[in-house]
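Engineer: Have a look at this one.
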């Protein structure tokens, strides 16, 4: 363990062994950070006993098998792609005329960084939303392959890469293992990152904290905010504990986040309680329609976000609710007042949907007034 930690720290101290992903806060940065959220939930659902991610360590993201005694490492370079597929000249610098790889190309740099580690079992993955159109030794098309090992490229490419690495390291070409680096095609939608991850988080919470599924969107936003902050901490760290503290997010952090979520009020139950109170003398068909609409409203608020059909169009619901509370109006009176305000602000909604939205917003406002 000591040798592995020392190696991690030595690499962190070497400025020549860093290849960060460029400007933060753009679509490319968002892709990397949302992908990380999906990856850590994937590991958690798979039952990994421990894991730790470091942002901006050597490459965009580094995944360790332990936060205490790491023995394996996977380096991830993440790049978005719009339009065409990835081809060899972009990945390794190899063309039809010349198979000699270029050292400044992303996959070659990734391979070089992976091979830097000796005490840790290191691998790497070039991850993109774009597909890979590369020549394979099998002669088959690679375009629909979710994972392409570097060793599976055609023999002229792999031979040239091995020779280049061997020459740079002063070793025999046969000792260069290209299977340590892979090309990964991610299904994460580049133009709909937030909603895609909201759905993944919702599925995760349905298993781990089903009573809080309606809070999936806010939970995903909290995770994204945390990860984005870590990705901006590119200052040099002095040791392993400093790296973990400044740029790390692992299993214990996710566990703590879920526990904090479970400590929050169960909004779905509060909404149902308010619905039951308001609907006690409604006709059955109206009660059924409003309950159905309330379910749809809560779901859309999670999955669709600000662009959903329940948008308030400038209406300050909090102000209306606060005014009703200040006047000590009953829940029935507050409900009717809010429905009267929502109807002109949301003309596309049916009366039962206005009722449902009023219940949803009354609950959200009431719980927002509860001390943390």
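Just so it is clear, none of the values below were taken in a lab; they were calculated from the coordinates. Fair warning: this is a prediction, and the values are worked out from it, not measured in the lab. Cβ: placed from backbone, ideal geometry, glycine included. Neighbour counts: every protein chain shown.
Engineer: Between residue 84 and residue 313, what FRET efficiency comes out of the Förster formula 1/(1 + (r/R0)^6) with R0 = 45 Å and r the beta carbon distance, rounded to 0.05?
Structural biologist: Given R0 = 45 Å and the Cβ-Cβ separation, E is 0.70.
Engineer: Please label the shape of the range 267-368 as rounded, prolate or oblate, based on the square roots a ≥ b ≥ c of the eigenvalues of the alpha-carbon gyration tensor (a/c under 1.5 means rounded; beyond that, a/b larger than b/c means prolate, else oblate).
Structural biologist: Rounded shape, in that the Cα axes give a/c under 1.5.
Engineer: Next question. Alpha carbon centre of the range 324-350 versus the range 147-170: separation in Å?
Structural biologist: Cα centres, the range 324-350 to the range 147-170: 67 Å.
Engineer: Now a separate question. As a test, work out the antiparallel percent of DSSP beta bridges whose residues both lie in the chain, rounded to the nearest 5.
Structural biologist: 55
Engineer: Another question, if that's okay. Averaging sequence separations of C-alpha pairs under 8 Å and six or more residues apart, then dividing by the length of the range 83-144, give the relative contact order as a whole percent.
Structural biologist: Across the range 83-144, relative contact order equals 31 percent.
Engineer: Sorting 238, 11, 201 on the 10 Å Cβ count, fewest up front, what's the list?
Structural biologist: Least to most surrounded, the residues fall as 238, 11, 201.
Engineer: On to the next question. To the nearest 10 degrees, how steep is helix 216-231 against the longest Cα principal axis of the chain, on a 0 to 90 scale?
Structural biologist: 40
Engineer: Using only the alpha-carbon atoms, how far is helix 331-345 inclined from the longest principal axis of the chain? Give it as 0 to 90 degrees, nearest 10.
Structural biologist: Rounded to the nearest ten degrees, it is 60.
Engineer: Rounded to the nearest 500, what is the chain's calculated 222 nm mean residue ellipticity when only DSSP H runs of at least 4 contribute -39500 (n - 2.57) each, over all residues?
Structural biologist: Taken over the chain, the calculation gives -16000 deg cm²/dmol.
Engineer: Also, quick follow-up: Tell me, what is the FRET efficiency for residue 226 and residue 192 to the nearest 0.05, using R0 = 22 angstrom and their Cβ-Cβ distance as r?
Structural biologist: Approximately 0.55, to the nearest 0.05.
Engineer: Which angle between 0 and 90 degrees, to the nearest 10, do you get for helix 2-13 versus the longest principal axis of the chain when only C-alpha atoms count?
Structural biologist: It is inclined by approximately 90 degrees.
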